[in-house]
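Q: Starting off with a structure, shown below.
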């Protein structure tokens, strides 16, 4: 099968979980013998070159514009639409698979596929089909429709009132079938006007072998960052209020004062890190906290290998969060949020704990259990690994996606 993947960002210029998920799936499809080409964007003309990443041909095109134009460019970006049409004409794919395209590729690209009579699959990684932000303004406990006035207040000078309607019109006219990365995200899309008959669910996946790292590298990483022999609590991703780092620090501050642990935070946000350090100082956690920039490659794998427990305590409706399955791939227990998709991945009391992060007393209790009961932590980590093998491998994800491709090509619903 010939698959043209559209993704705003792609390795090595990834900016978030959606880009990583797109790369993992594309690489697996190529490994299985399919012809996969990725069309992606870069922010400088020097980077606009073609190369191959893990068996996938990658075409990079230039796109850059003022941030205030983002909501308009989500609908139509004149810098990229012509390139999409040209790529479809040259490559002649059997299917166009759009990943995140709301920043640069634009939803006009879907209509270019329609013009060429090529069926379209769209993966919804987040809430961008109806929210130009992170959907952290609503009650996280349930799907809710976001009023346009709230969006106007949030986006301010970037607000474009026709953004959502025009994007969803492009999806409808192209005949695209949407696959959300979790059932929770599907519910949110439906609550905000997306046709329920057009949305399915295919969870993200990972190859557990891709998380293996040499013990020598783990030892070197531990020595470099003074983590040897420590109980490491790992928090990774965007350092922000929505990701629940405030709740994590508060919960850690409620652990016994004599409990020896290190809170390892991977991510960057200078302003918010300053705030978190102040919070940590008030709670006597600052001296136990290590901040590192977001890592990749063997350093990231070493951080996972060293941790005793991994935290993903978002206080918004998290769509999926790859960190959960990455931790499961290295047999580590997870304490995750009850809001959104993570509860579909982590089984409470079996592979980790699912909590309301705002209940910091319970959060702290679960942390203490996993930091002081090594057999329980190992048992949960092993259960998480087995659950990953059964439900969240990228091979399984690719099988489901190939079935979706075949149904789209045949013109039947999946």
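The values are calculated or read from the model by the stated rules, or taken from the named source; none is laboratory data. Treat the numbers as computed from the prediction; the structure is a model and nothing was measured. Note that each Cβ is placed from the backbone with ideal geometry, even for glycine, and that neighbours are counted across all protein chains shown.
Q: Can you pull out every residue in the range 38-74 that is part of a loop (DSSP other than H, G, I, E, B), out of contact with any strand residue (DSSP E or B) (no Cβ under 9 Å at 6 or more places or on another chain) and over 15 Å from residue 84 (Cβ atoms)? Write out each step before concluding.
A: Of all residues in the range 38-74, those part of a loop (DSSP other than H, G, I, E, B) come to 43-44, 48-49, 54-55, 63-66, 74.
Next cut, out of contact with any strand residue (DSSP E or B) (no Cβ under 9 Å at 6 or more places or on another chain) only: 54, 65-66, 74.
Once the filter is applied, which keeps residues that are part of a loop (DSSP other than H, G, I, E, B), out of contact with any strand residue (DSSP E or B) (no Cβ under 9 Å at 6 or more places or on another chain) and over 15 Å from residue 84 (Cβ atoms), the range 38-74 yields 54, 65, 66.
Q: Quickly run through the range 342-393 and pick out the residues that are outside any strand (DSSP E or B) and at positive phi. Before the answer, list the steps.
A: Initially, the range 342-393 is screened for residues outside any strand (DSSP E or B), giving 342-347, 349-351, 356-392.
The answer is 349, and nothing else.
Q: A further question follows. Taking residue 348 and the conditions (1) more than 21 Å from residue 201 (Cα to Cα); (2) crowded, with 24+ Cβ neighbours inside 10 Å, which numbered condition does it fall short on, given that it satisfies the others?
A: Condition (2) is where residue 348 drops out.
Q: Answer yes or no as to whether residue 333 is within 27 Å of residue 212 (Cβ to Cβ), out of contact with any helix residue (DSSP H, G or I) (no Cβ under 9 Å at 6 or more places or on another chain) and either crowded, with 23+ Cβ neighbours inside 10 Å or in the same structural domain as residue 367 (by TED's automatic domain parsing) (or both). Even if it seems obvious, please write down each step before you answer.
A: On the way: within 27 Å of residue 212 (Cβ to Cβ): yes; out of contact with any helix residue (DSSP H, G or I) (no Cβ under 9 Å at 6 or more places or on another chain): no; either crowded, with 23+ Cβ neighbours inside 10 Å or in the same structural domain as residue 367 (by TED's automatic domain parsing) (or both): yes.
The answer is no for residue 333.
Q: Next question. Looking only at the range 243-258, decide whether some residue is at pLDDT below 95, in a helix (DSSP H, G or I) and surrounded by fewer than 20 Cβ atoms within 10 Å (Cβ to Cβ).
A: No: zero hits.
Q: Report, by residue number, each residue of the range 139-172 that is assigned to a loop (DSSP other than H, G, I, E, B) and closer than 21 Å to residue 195 by Cα. Steps first, answer last, please.
A: Taking the range 139-172 and keeping what is assigned to a loop (DSSP other than H, G, I, E, B), we get 139-147, 159-162.
Within the range 139-172, 142, 143, 144, 145, 146, 147, 161, 162 qualify.
Q: Which residues, taken from the range 283-314, are free of Cβ contacts under 8 Å to residues at least 12 places away in the same chain and either surrounded by 22 or more Cβ atoms within 10 Å (Cβ to Cβ) or in a helix (DSSP H, G or I) (or both)? Break it down into steps so the answer makes sense when it comes.
A: Looking only at the range 283-314, we keep the residues that are free of Cβ contacts under 8 Å to residues at least 12 places away in the same chain, and these are 286-287, 296-297.
Correct list: 286, 287, 297.
Q: Let me ask another. Considering the range 188-218 alone, what residues qualify as being surrounded by 14 or more Cβ atoms within 10 Å (Cβ to Cβ) and free of Cβ contacts under 8 Å to residues at least 60 places away in the same chain?
A: 190, 191, 198, 201 - these are the residues of the range 188-218 that are surrounded by 14 or more Cβ atoms within 10 Å (Cβ to Cβ) and free of Cβ contacts under 8 Å to residues at least 60 places away in the same chain.
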